[in-house]
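Read through the structure below, which is laid out as structure tokens, and then see the notes.
The values are calculated or read from the model by the stated rules, or taken from the named source; none is laboratory data. Everything numeric here is computed off the predicted structure, so don't read it as measured data. Cβ placement follows ideal geometry from the backbone for every residue including glycine, while neighbour counts extend to all protein chains displayed.
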Amino acid sequence: MPRKTAKLKTVPGAANFAALVEAVRLVHEQSAAAAGRAVNVSLTMRNWLIGWHIYEYEQRGADRAEYGERLLERLAEALRSEGVSRADVRELRRYRRFYLVYPQIRESVTPELQSLLPLRKPSAQKIGEAASPGLGMPGKTLLSRLSFSHLAELIEIDTPLKRAFYEIECIRGNWSVRALKRQIATLYYERSGLSADKEKLAALTHAAAEQAEPKLAIHDPYVFEFLGLRPKEAVSESHLEDALLDKLQDFLLELGHGFCFEARQKSIIIGRTRGFVDLVFYHRILKCHVLIELKVDEFRHEHLGQLNTYVTWYRRHIMGKDDNPPLGLLLCTQKDHALVEYALAGMDNQLFVSKYQIELPRKEDLQRFLEDKRKEMEELIDIQ
């Protein structure tokens with residue numbers, strides 16, 4: 001959802017340099033916002049229409065009895081073979097619910113998508129309590145002011161009044177998705193109901209909430225997968241971090257210690273949260289996955305917690321029957337010092353730990369390598 005910006009003012013021919021800079025800035029800012037809105041509308045409509053197709057098939061599909069409860073699993077498999085992104089079982093179920101919760105989206109379907117609409121309007125009786133007629137925002141407002149990532153959070157709210165409350169507050173405060181999730185988690189709706197001074201509570205909440213910006217739109221996982229971008233192109237925290245990952249990847253492969261490259265910015269879903277592992281290798285000697293996270297700032301305890309979460313997920317969902325438990329390697333570096341921490345989730349076998357210490361690069365070597373590469377890049381930037 002883009003940040004509100006001032007309307008572009010006409011710059012007179014005799015404008016000074018400062019006015020020229022301001023005019024170009026406004027053009028850039030408003031163009032980015034317009035592009036973000038256009039992509040978001042298309043993405044939201046895509047997901048709503050997918051939900052409609054699923055629901056209609058469940059109600060009237062000629063061969064629906066053949067698939068029964070396995071419909072979404074079979075559909076996800078078929079769509080995967082067709083190269084359709086964001087169409088796993090979890091997402092298909094989410095699109096179906098999105099259609100049921102927000103039937104008013106139909107009002108704002110663009111002309112080019114009219115042919116994909118249901119011939120009849122959805123029945124409120126069939127939709128039941130999922131929808132909130134009379135409470136929810138108009139479809140046009142939802143499309144123009146909220147990203148699908150916002151709406152994905154809102155459809156998880158079962159109470160129509162509570163959902164409408166967060167719709168209004170999110171739009172009013174121009175909240176980012178992270179801010180919306182935080183307000184839901186901290187029971188803003190419930191606290192507002194109990195508060196004697198609701199306006200004061202609202203003012204404090206909005207003052208502290210993170211706002212959305214056009215430049216953040218491309219980082220939305222729904223958006224970059226919808227546009228066909230690779231995670232590497234969309235989620236890198238900085239050019240420096242991305243460049244260091246390139247060097248680190250090559251460095252580990254050149255060592256010849258058994259590293260087999262498997263993935264870059266590996267996307268995993270844990271509950272309702274999507275995470276990205278910077279680098280994933282399979283170590284053919286240790287017979288385990290090695291997960292690497294690189295942070296271009298000083299070590300913080302939450303970095304270790306994040307990596308440990310990824311390692312635990314890999315152990316439960318990816319580790320093969322003959323594999324050893326996965327390893328986590330956290331690399332943090334900043335200017336004159338580097339801190340390397342290993343997250344060894346569930347590694348109780350001392351013999352394996354000893355072998356791991358022999359086969360993996362020494363901590364000192366990794367520290368020295370990262371420091372050298374960072375200095376080279378910073379010097380190059382200074383020259384340019």
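When restricted to residues that are more than 19 Å from the chain's Cα centre (by Cα) and either among the hydrophobic types (A, V, I, L, M, F, W, C) or not assigned by TED's automatic domain parsing to the domain that holds residue 182 (or both), segment 144-160 contains 1.
Among the residues of segment 38-46, some residue qualifies, meaning at least one is touching a Phe, Trp or Tyr at 6+ places or on another chain (Cβ under 6 Å), in a helix (DSSP H, G or I) and either touching a residue at least 24 places away in the same chain (Cβ under 8 Å) or closer than 25 Å to residue 140 by Cα (or both). Just checking, does segment 323-345 include any residue being modelled with pLDDT of 85 or more and out of contact with any Leu (no Cβ under 9 Å at 6 or more places or on another chain)? Checked against the condition, which is being modelled with pLDDT of 85 or more and out of contact with any Leu (no Cβ under 9 Å at 6 or more places or on another chain), segment 323-345 yields at least one hit. Before we move on, is residue 269 over 18 Å from residue 245 (Cβ atoms) and of a type in the set (Val, Ile, Thr)? Answer is yes for this residue. Going by the structure shown, is residue 190 loosely packed, with under 13 Cβ neighbours inside 10 Å and modelled with pLDDT of 85 or more? Yes. Answer yes or no: is there a residue in segment 116-123 that is at pLDDT 85 or above, surrounded by 12 or more Cβ atoms within 10 Å (Cβ to Cβ) and out of contact with any strand residue (DSSP E or B) (no Cβ under 8 Å at 6 or more places or on another chain). No: segment 116-123 contains no residue that is at pLDDT 85 or above, surrounded by 12 or more Cβ atoms within 10 Å (Cβ to Cβ) and out of contact with any strand residue (DSSP E or B) (no Cβ under 8 Å at 6 or more places or on another chain). Scanning segment 159-185 for residues that are without any contact (Cβ under 8 Å) to a residue 12 or more places away in the chain and in a loop (DSSP other than H, G, I, E, B) yields a single hit, 159.
Condition check ((1) out of contact with any strand residue (DSSP E or B) (no Cβ under 6 Å at 6 or more places or on another chain); (2) over 24 Å from residue 154 (Cα atoms); (3) free of Cβ contacts under 8 Å to residues at least 12 places away in the same chain; (4) in a loop (DSSP other than H, G, I, E, B)) across all residues:
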site	(1), (2), (3), (4)
49	yes, no, no, no
74	yes, yes, yes, no
78	yes, yes, yes, no
84	yes, yes, yes, yes
